Structure formats: C-alpha cells, structure tokens
Amino acid sequence: MRTTTFLSFVLAGVVFTSCQPSTKREAWIEKALDVASYQLNLTAEEMKDSVKMPRSLWTGYTVDFLEEQLERESATFADSLWPNPAKEKLGTLRSCDIYDWTSGFFPGSLWYAYELTGNERLKEEAIRYTNRLYPVRKYRDNHDIGFMMNCSYGNALRLAPNDSIISVLSETADNLCSRFNVQIGCIRSWDFGTWNYPVIIDNMMNLDLLFHVSKLTDDMRYRQVAIQHARTTMKHHFRPDYTSYHVVSYNADGTVEKRQTHQGKNDESAWARGQGWAVYGYTACFRETGDTLFLQEAVHVADMIRKRNTAPDLICYWDFDAPVKADTPRDASAAAVIASAFLELSTFVPNGEVYFNYAETILKNLSGPAYLAQKGTNGGFILMHSVGSLPHGSEIDTPLNYADYYYLEALKRYLDLKNKPF
Ligand code: GLY
C-alpha cells in the first residue's frame, strides 16, 4: 500500500487545491492540459448565451453495422432505435438541457481544468456553468442528480467554497434519498420503462454525493442510504465472474424481478462503461467507509476488467463481449472511468502498482493522437471515440462530455500520486 493512508487520500482534494502547477510536468501531460484548456474555453465561449450544456456530437450509423455489433436480427431492436438525425446534423454539437444526466460534466471539467492549470478564466467559466444548474436542486425524477450536482457543485465547493453550495448539495441529496426504498434497499434509478423497480450499476456513482453531504451536515442518514444501496447492489448485480449486469429490477419485496441490459450488447454481456462504474463505485465506498467487503469487490471487478479488456491499447471496446472487428467502436469514456478508479484503488492495496500502471497506460494512450483532439476540432471536446448507447444507435464513436470529465479527474489523481512511493 502507498504511504498515503486512505484517510489522507480523502483529504487530497483539499491539500492539492492551490490550483498552481508546482513542478515541471511530463510533456504528454502538458500537451493534454493545453488541449483541454483550449477546448473547454472555446466551448464555454461558444455556449455562453445558451441555457444548454455541450454533450456530444451527433453521429450516424447503419442498421447493418448495429446488427453486426449486437449479433442480433434487426427485427428485435429496430423499433427501439432512437431516430437517426437528419444528414445536416451529423457531426454538429448535440447539446442537452440542465435536466439531462450529463449536465454536470462540463462544469466539472472546467473545475478540474482550473485546478490542474491555475487558469483563472477556466474558474470564471466553471462558476458560470455551475450556476446554470441551480434549478436542478429541486429535481427528483431520476437518480442521476448525484452525477449532475456532485460533479458541478461538489467540485465548486472544493475549489471555491461558499455556504450556499452546501444547501444546494443537501437539497439534492434529500431528493436522491427520496428515491430510496427501505424494503428493496436501493435507490430507484429510472421512472421510465416497463421494469417494476429498475436499478442500474451506474447508480453506484451517485453515492459520492450522499457521502459528501453526510460529512458536510454531520447527518448519518445520507451515508446509511449509500451503504445500503451498495450492499444490495453487491448482492444482486454481479455474476460469479464479477462482471456486472446493467439493469436489475426488483419486486416490491426486494426479490429480483429481472436482470437485463439497456446499453450493452445483450442481457448477459459485460457493457464496458458499466464495469467502469462498478469498480469506481466500490472503490469510493471503501474510501468512505473503510469496509473491506467493498474493497474486495472493487479488486475483484478491477481484476475482471484487466482480464476482459482485450483492446491492445486498453481503450475498451464498447462492450467486452462485442465481436472484435476493425470497426468495433472503442469507448474512451469507459477507459477514462477505469483509469480514474484504478488510480484511487492503487492507494488502498498492497499491489497498487499493478492498477497504477494500468491507469497510466490508459492515460498515455488517451493523450496520444488517436484519442486526444487537435485544438479547435472535435466540436470543442477533449477526447474522441466514445460510445453512448450502441443498441439505441445513439452517440457511437463520438466525443462525450463525461469521457472528458473522467479523463481530467484521472489526470489530477495521476499527478497527485505520481511522485509518491508505493
Ligand atoms: N449513466 C448512463 C451511461 O453511462 O450511459
């Protein structure tokens, strides 16, 4: 284990908030941060008069391509496809409103880029775009409010604290807890669809908001909800090989109604980003609780990822069970989430170097020409080549605001750890 204890890692966010790069950094990191700052400032300027957030670029697809990747007959999924955008929209910015699940990532990226560079203009933009989300504190229609508000306001509190941010985060945490069912022991993810009580693995990512607010308010209730959700999910979401289902729906008595996928190749496949959410979520749960069952789960999932991620450069194929062909899309967002999670995990285990080195390889590859955008291209996003939801024909081989967010977070974690001995 690194000389840092898990407690000091929790405090790292506070210790490293001077927002001044202290020592000379490696050339690939300087380049990455230069591109990131340029792209984020460009997008912030372009969207300054909008009420929306940048999400991705519109992509097109052919049904033949989807059939091949899904290894299904078209008749079984064509009805559920989201409409193809008109030709003139292809490659243009796909923005989203503040109630979209991804709305917190652009402000969050601005905060991380500010923290990594000390560039005051990025801070001004971070404040501007975070404030845009203020109405979301009243929203309770899905579980994603954890992502939305902790990535934006949560980082704002770390880097530019004020009391009103605490009340925004607390109100959001109350709304997230209102979606918790004691009998089932989970927060409900979605209100759409035919499932009785759907919970998706992505929901593990919303627990950080609850841990955060528990510490801010000294109210254990938020933390108890997070812990119970993580325990229930650990019991029902994982297969014996530690791959995770995407959706588990529960009956009212807490028994499982069904296990399915929404964004993966099929119900029994290992959707890449879902595996990333799982290792990230359980690593965070260990950081916050010290419960070694959560650490064991994170390590099992991490080791499964190391085995199942067969992409030569470690930038995952969109689903670990996708047929590997020359045109099988990579998901840079999954790789960025995994890198960020592995860096934190590396601080908690005796063989941390294994996870650190894996994350380092991902980060170096994401920072190379195959994935890092040239300044002024890629619609103003930082990374190319992610996948939103292939079964819906949506956001395939495109930049995504959350790929950029977890990439910057991973760079921050990497720099914090780089010069510490194991
Ligand atoms: N949370 C939705 C996704 O990962 O696409």
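What follows is calculated from the coordinates using simple rules that are stated; it is not laboratory data. As the structure is a prediction and not an experimental result, all values here were calculated from the model. Note that each Cβ is placed from the backbone with ideal geometry, even for glycine, and that neighbours are counted across all protein chains shown.
Check the stretch 132-141 and report whether any residue there is away from the ligand (no atom under 16 Å from the Cβ), in contact with a helix residue (DSSP H, G or I) (Cβ under 8 Å, 6 or more places away or on another chain) and closer than 22 Å to Gln39 by Cβ.
Scanning the stretch 132-141, I find at least one residue that is away from the ligand (no atom under 16 Å from the Cβ), in contact with a helix residue (DSSP H, G or I) (Cβ under 8 Å, 6 or more places away or on another chain) and closer than 22 Å to Gln39 by Cβ, so the answer is yes.
Condition check ((1) more than 27 Å from Leu57 (Cβ to Cβ); (2) out of contact with any strand residue (DSSP E or B) (no Cβ under 9 Å at 6 or more places or on another chain); (3) without any contact (Cβ under 8 Å) to a residue 12 or more places away in the chain; (4) of a type in the set (A, V, I, L, M)) across all residues:
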site: Pro85; (1), (2), (3), (4): no, no, no, no
site: Arg94; (1), (2), (3), (4): no, no, no, no
site: Pro107; (1), (2), (3), (4): no, no, no, no
site: Tyr114; (1), (2), (3), (4): no, yes, no, no
site: Phe147; (1), (2), (3), (4): no, yes, no, no
site: Asn150; (1), (2), (3), (4): no, yes, no, no
site: Ala160; (1), (2), (3), (4): yes, yes, no, yes
site: Cys177; (1), (2), (3), (4): yes, no, no, no
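I'd like to verify a number: residues in the stretch 393-422 that are within 12 Å of the ligand (Cβ to nearest atom), of a type in the set (Gly, Ala, Ser) and not in a helix (DSSP H, G or I), how many?
Selection size over the stretch 393-422: 1.
Considering only residues that are over 16 Å from Asp241 (Cα atoms) and within 14 Å of the ligand (Cβ to nearest atom), which ones fall in the stretch 266-301?
Listed by number, the residues that qualify are Arg273, Trp277, Tyr280, Gly281.
Looking only at the stretch 89-147, filter to residues that are charged (D, E, K, R) and closer than 25 Å to Gly281 by Cα; which one of those is surrounded by the most Cβ atoms within 10 Å (Cβ to Cβ)?
Out of the qualifying residues, it is Glu115.
So the check is Cβ under 9 Å with 6+ separation or different chains; which pairs have a first residue in the stretch 370-392 that's under 29 Å from Arg72 (Cα atoms) and part of a helix (DSSP H, G or I) and a second one that's within 15 Å of the ligand (Cβ to nearest atom) and of a type in the set (S, T, N, Q)?
So the pair list comes out as Leu390/Gln263; Pro391/Thr261; Pro391/Gln263; His392/Gln263.
Of the residues Gly91, Gly146, Gly118, Gly154, which single one is touching a Cys at 6+ places or on another chain (Cβ under 9 Å) and of a type in the set (Gly, Ala, Ser)?
Just one listed residue meets the conditions, Gly118.
When the stretch 316-357 is examined, which residues are found to be closer than 12 Å to Arg273 by Cβ and β-branched (Val, Ile, Thr)?
If the condition is that a residue be closer than 12 Å to Arg273 by Cβ and β-branched (Val, Ile, Thr), then Val337, Ile338 are the ones that fit.
If Thr194 meets every condition in (1) surrounded by 18 or more Cβ atoms within 10 Å (Cβ to Cβ); (2) over 21 Å from the mean Cα position of the chain (by Cα) apart from one, which number is that one?
Of (1) surrounded by 18 or more Cβ atoms within 10 Å (Cβ to Cβ); (2) over 21 Å from the mean Cα position of the chain (by Cα), only one is false for Thr194: (1).
Note down all Cβ pairs under 8 Å where the first residue falls in the stretch 32-58 and is on the phi > 0 side of the Ramachandran plot and of a type in the set (Lys, Arg), the second is surrounded by 15 or more Cβ atoms within 10 Å (Cβ to Cβ) and in a helix (DSSP H, G or I), and they're at least six residues apart or on different chains.
none
Would you point out which residue out of Leu169, Leu157, Leu207 is within 16 Å of the ligand (Cβ to nearest atom), in a helix (DSSP H, G or I) and in contact with a helix residue (DSSP H, G or I) (Cβ under 7 Å, 6 or more places away or on another chain)?
Only one candidate passes the filter, namely Leu207.
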